[in-house]
Every structure is written in C-alpha cells, then in structure tokens.
Amino acid sequence: MKNILISSSAAPDTGSGISTYSKELAISIKNMNIDVHYFSPKPNDLNWLKKNQIKHIPSDPFGDPVKICRDLFFYIKKHNIDAVINNDNPYLQSIFPTIKCPAISIGHMNKRTIPKVACYANQWTDYVVTISNDMHYIYVNKYKTPITKTQIIHNGINDHNHDIKYNQIDNNKLNILYSGGDLKIKGADLLVKSITKYPEIWGKTNIHWYGNVSNKIIKKLKKHNVNFHGRVPREKLIEKLKNSDVFLLPSRLEGCPMTLIEAMAYGIAPITSNGQGAMRWMVNSGEDGYICHIDDWAKQAAECVEHLNNNKHILLSMKKKSRHSYLLRFKAEFVAEKILNLLKNPTVNRDNPLSKIKAIKWHRPRSPSFFDRIYWRLEILKRTDYFDIIRGHID
C-alpha cells in the first residue's frame, strides 16, 4: 500500500482520545513509508501536519454534507487511495458504499451517536475495530456488527520517551495526577469521596487535578491538598504526567483510555477501576498498577496510595513494570501493523459499489440545541436525501 486515508472527527490540534488515537496511528503508518492523507476539520495550528509530512484534507463539520462527501469521493479516486480508516467522521463513513478500496471503521465509544456512525453501512465496511472487550460485545449484540468482521485491537501510542528516571521519587509526598474534570462518568465523585473520607492519606500527597471543575467541588476540597489546573493543552498535561508517580482513572465508562497508555509509557503507576472499558485487561493489578472496584473505589484507592507512599521500593518496581507493559503491548506500531493486516484481507466485494447514497449529517454540534441533545442521547443520526455521488443531484 502506498496511500492511506485516515479520518478524525476532531482537528489535529484539538480533541482528546479520538484525536490522539488518529494522530498516533497516522504517524505509525507514515513511519512504514506509506503516504498518509488526513481528513478532519481544519486545524488552526498546522505544525503537526507539517512536522510529520502528512497531507491534510479539510472538512467543514457544518458545511454541505453532499458536497463534502462528493469532494472526498473524488479525492480518493484522484490520489489513488489504497485504503481508508475512519475514526468517527460521518462524511467518510457515508461514502463507504461508493469506494472501491478496503475500509475500516474504528469504534471509540459504546453509547450516543459515536457507535452509530462507526456501525453505519457495516455491510460495506470490511472490519469494525473495537478498542475494548466490552465494546466488542456491545457492537456485536446491540449494533449487530458481524462477529466475523468485528475485531478487538487495544489502543497504542508512539514511544516519545527514552530517558525515564525512576529514582526521582519524592521521599515525602507522592505526585498524583487525575484528568477527568468533574465528570461522573470519569469517577470525579469517587475521587472527591476518597479525599474527604481519608484526608490523612491524601494529605501526604500532591494531587494535580486537570479538566473543568465546578466551584462546588473546588470549595469542597478547599481544605485538602488539591491543585486544580483546569483544562489545558495536551502538551502541558503530558509534561505534568511525566513528573508524576501515580495516575488515577476511576472511570465508570471508557473505551481504551489513551491517558492510561500515556501514563504507562512514562512509567507512571496507574490506579484505575473495573468500570466498563479496557482497563481491567490493560493493568495487571498489584504488578504494574492497581484495579479498584467501582463499588468501593474510594476506600480501595486510598489503601493503594497509602501502601505506595509507605513502600517506595514497591512504587519504584511498579513504575518500571508499568513502562515495561507499555513496551510489550501498547505501542502504536503494534496497532498499525494489526490494522494494515486487516486491510490486506478485505471482506467486502466492491466490484459494484453504490452510486446513490444518503450522507450522515455532522453528529456532534458545536452549540447543541435541545433537539441535538435528544438525537445524541437517543443515538439518532440525521441524514440527507438520496443523492448521486457522481452527479450530486438530490432525488
């Protein structure tokens, strides 16, 4: 393969998990001497694209879906694209029935409209890749993706760190990072409960809390040793993560969390949950981190923190093993190799692609109306009328 098109629902200078996944995958495939074409909303900062010599195809989330789909269709033909990989971009997913090259859709979430986009027109999708075991079960049983075409491939990131100094552990206080804001789905309430119920344990640590947080939580934790940083660029978060000892992930629902992989890549000991997501398959509890149970996370996490604070030699060993687990299982090149192998073994006969289709309208509004929120929650995709992909007219 010489040319691969990768899409994302977020511009490369914005977004979080899906954007990070798409960029890491793009870099890994580019490193295999394959030209990467990146289809996403237009970024304000072009540095990442220029640095990695990646061709960008801008798409306007709120433009005319018919025009955008037609332009993308002709771009794929003109540039002899050998395969496409979709990450939550409704326009690329819309034209799967019209293209002649292999197509993979990657699912990044179990709920709302994101899985509906990933599973749209799955008869024209060679493979649907799920990023967690829980997600695989839901996609097959709820969204009816064929078991033979539904794969589990956990996420990965490229190795940007080759000089980890594990011995730089503060003898007095552990540096702990949490990045879930005040979202209940990310377990913010469980962390608040743990800090307020076990202040003598958490008081011996430095807690760095990232993401948007309500004044209610800030006031509740005012007397505790918590540093609120708000929402910051990914680079700043990563810089703080590098210098942490413990990463907290008390989430109730995840896919395959990129921040957990980033923490392990930098040799940080994770304390996660057994919530829905890949966490319990990613962390070997007691070896390279801890998995605490959602129904008793506040108590169990505090016990883990106290244990590591009192036994720095165990913390040091766990940090090393965390990094080792990343190197063995979660490098982006492993993900790229698995996906390229799927693309070399397509399942769809594309001898007679469709010419008339409906296009999915953008599913993640910038300023959602009441009805947009209803559509999001009820997993309803809005579509155009039928149009001809070549001529563009509406029937």
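Points to keep in mind about this one:
- Rg in Å to one decimal, and Dmax rounded to a whole Å, for region 1-105 via C-alpha atoms: 12.5, 35
- Axial C-alpha extent at least 15 Å, average Kyte-Doolittle at least -1.0 - helices from the chain (DSSP): 17-30, 65-78, 297-310, 312-329, 332-343
- Using distinct alpha-carbon pairs, which all enter the 1/r mean, Kirkwood radius of the chain in Å: 22.1 Å
- As a length-normalised measure over Cα pairs under 8 Å and 6 or more apart, the relative contact order of region 174-330 settles at 24 percent.
- Here the label points at Asn141 and His324, each 7 Å from Cα along the C-beta direction, are separated by 3.6 nm in the simple model.
- Among beta bridges from DSSP that stay inside the chain, the antiparallel ones total about 10%.
- Qualifying GluC sites (Glu not before Pro) for region 239-294 [loop in DSSP, other Cβ within 10 Å: at most 15]: Glu287
- Region 261-300 and region 42-109: distance between their alpha carbon centers, rounded to Å: 35 Å
- Restriction of the trypsin sites (Lys or Arg not before Pro) in region 276-360 to DSSP coil positions whose beta-carbon has at most 15 other beta-carbons within 10 angstrom yields Lys344.
- Cα pair count fraction exceeding 21 Å, expressed as % - region 174-330: 38 percent
- Relative contact order %, the chain, counting alpha carbon pairs below 8 Å whose residues are six or more apart: 18 percent
- Pair-distance profile P(r), taking every C-alpha pair of region 273-338, with 10 angstrom steps and integer %: 20, 43, 29, 8, 0
Read the figures in this text as sums done on the coordinates, not as results from a lab. Because the structure is predicted, anything quoted here is derived from the model rather than measured. No Cβ is skipped: glycine too gets one built from the backbone with ideal geometry, and neighbour counts run over all protein chains shown.
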